[in-house]
Amino acid sequence: MKTTKIIAALLLFITSFSACKKNELAGNAPDLPTPKLENLELGLGNAGIGVVGEDFHFEGDILAVDKIDVVDVEILQKPGETYSKPWQHKITWAQYKGLKNTNVHKHFKIPKEAVEGKYDLVVTVYDENGSKLEVKRDFEIYSRANLPIRPIITGLYVHKNWKPFYDAHSDRDTYPTEKYKKGDTLQTQVSLSFVKGDGKLYVLLIKKSANYNPKSIEEVDLSKAIVYDVLEHKNEISTYDFSNSIFDFNSYTVIRKLPDLVIGAEKDNNSPNPNDISGGKAWQTGEYNLVVIYKNFSSNLTVTRSIPFAIDYN
């Protein structure tokens, strides 16, 4: 009986050993650790939209296991989608070879022969240890004339006394800890992309103690908010970038400069009729929100952003 058990165990060992050898010979070795790709941004506002013949923004942080070998970006047509003709595109970046980690920040043109439609954008990071990482994202390509209305806040910069105070892009989700004081000057630049037709922008200062958090143009109550800026656009026939600071690069002149708002001012910047800063919205020491609300009336789409900061009014 014992001899039978020993023979059975021996046969099981031999079978298992043979299976392992077969797997190794077949290339089924244990999976290697793969590199990482984080903070991937595709296009303005990370919208994942490219324009035929125009510049495209790509950015991401890569961390290799050993060292980076090469980085590939492929734009591939999606199965089941209809296109005017077959088209694909590939870019290879070899200049990062040998680096352990890096920030890849590239601008390249979408080729003029690109075909409009929905795509898969595939980023492949090859590691010198033999492994690779593939990241697939949805991607769209349009001609300039066919760009959709898809409002996105692509720039939000706050200045204190004409010096940088907050950059919504670079700071991501970290907010300012320095306080505004009575007499300080506030300036805020807001830029939006993929807008068209009719739209309106409000930039408001609202006390947190007011428990008032508007999320749409229709909810804006000027008796509870201090207006830093208000601006409209009308009858825009092409999709473009809209901002409350307008500069003409052809004539090198400022068309619309950023408004100033002094902490402690008696009136706000509401247009065309500034409002008194009094009553429940009067200046006080405490926590505030800088609230950006934009609505595109042509598409009925709204985007908002809120930045917390503090005022020391003593």
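The values are calculated or read from the model by the stated rules, or taken from the named source; none is laboratory data. These figures come from a predicted structure and were not determined experimentally. Positions of Cβ are backbone-derived with ideal geometry, glycine not excepted, and every protein chain shown enters the neighbour counts.
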TODO: Select from the stretch 173-207 the residues that are under 26 Å from the mean Cα position of the chain (by Cα), surrounded by fewer than 16 Cβ atoms within 10 Å (Cβ to Cβ) and charged (D, E, K, R) and write down the one among them that is nearest to Lys295 (Cα to Cα).
DONE: Asp198
- [ ] Answer with yes or no whether Phe242 is in contact (Cβ under 8 Å) with a residue 60 or more places away in the chain, under 23 Å from the mean Cα position of the chain (by Cα), surrounded by 11 or more Cβ atoms within 10 Å (Cβ to Cβ) and part of a strand (DSSP E or B).
- [x] no
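Just the residues that are outside any strand (DSSP E or B) and of a type in the set (S, T, N, Q), please, taken from the stretch 149-187. Steps first, please.
So the first thing to find is which residues in the stretch 149-187 are outside any strand (DSSP E or B), and the list is 149-151, 161-162, 168-179, 182-184.
Matches in the stretch 149-187: Asn161, Ser170, Thr174, Thr177.
Can you tell which of Val195, Val190 is over 24 Å from Ala282 (Cβ atoms), part of a strand (DSSP E or B) and touching a Phe, Trp or Tyr at 6+ places or on another chain (Cβ under 7 Å)? Walk me through it before giving the result.
Working: Val190 fails: touching a Phe, Trp or Tyr at 6+ places or on another chain (Cβ under 7 Å).
Sole residue among the options that is over 24 Å from Ala282 (Cβ atoms), part of a strand (DSSP E or B) and touching a Phe, Trp or Tyr at 6+ places or on another chain (Cβ under 7 Å): Val195.
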Task: Single unsatisfied condition, Leu76 versus (1) in a strand (DSSP E or B); (2) touching a Pro at 6+ places or on another chain (Cβ under 8 Å) - done: (2)
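Determine whether the stretch 250-263 contains at least one residue that is in a loop (DSSP other than H, G, I, E, B), within 33 Å of the chain's Cα centre (by Cα), surrounded by fewer than 17 Cβ atoms within 10 Å (Cβ to Cβ) and of a type in the set (A, V, I, L, M, F, W, C). Talk me through it step by step, then tell me what you get.
Step one: filter the stretch 250-263 for residues in a loop (DSSP other than H, G, I, E, B), giving 250-252, 257-260, 263.
The next check asks that each one be within 33 Å of the chain's Cα centre (by Cα); those that pass are 250-252, 257-260, 263.
Within this subset, residues satisfying the condition of being surrounded by fewer than 17 Cβ atoms within 10 Å (Cβ to Cβ) are 250-252, 257, 260.
Next, from what is left, pick out any that are of a type in the set (A, V, I, L, M, F, W, C): none.
No, because not a single residue in the stretch 250-263 is in a loop (DSSP other than H, G, I, E, B), within 33 Å of the chain's Cα centre (by Cα), surrounded by fewer than 17 Cβ atoms within 10 Å (Cβ to Cβ) and of a type in the set (A, V, I, L, M, F, W, C).
Report yes if some residue within the stretch 29-45 is hydrophobic (A, V, I, L, M, F, W, C), at pLDDT below 50 and in a helix (DSSP H, G or I); otherwise report no. Spell out how you get there, then give the answer.
Our first condition is that a residue be hydrophobic (A, V, I, L, M, F, W, C); within the stretch 29-45, this holds for 29, 32, 37, 40, 42, 44.
If we keep only those that are at pLDDT below 50 too, we end up with none.
No, that holds for no residue.
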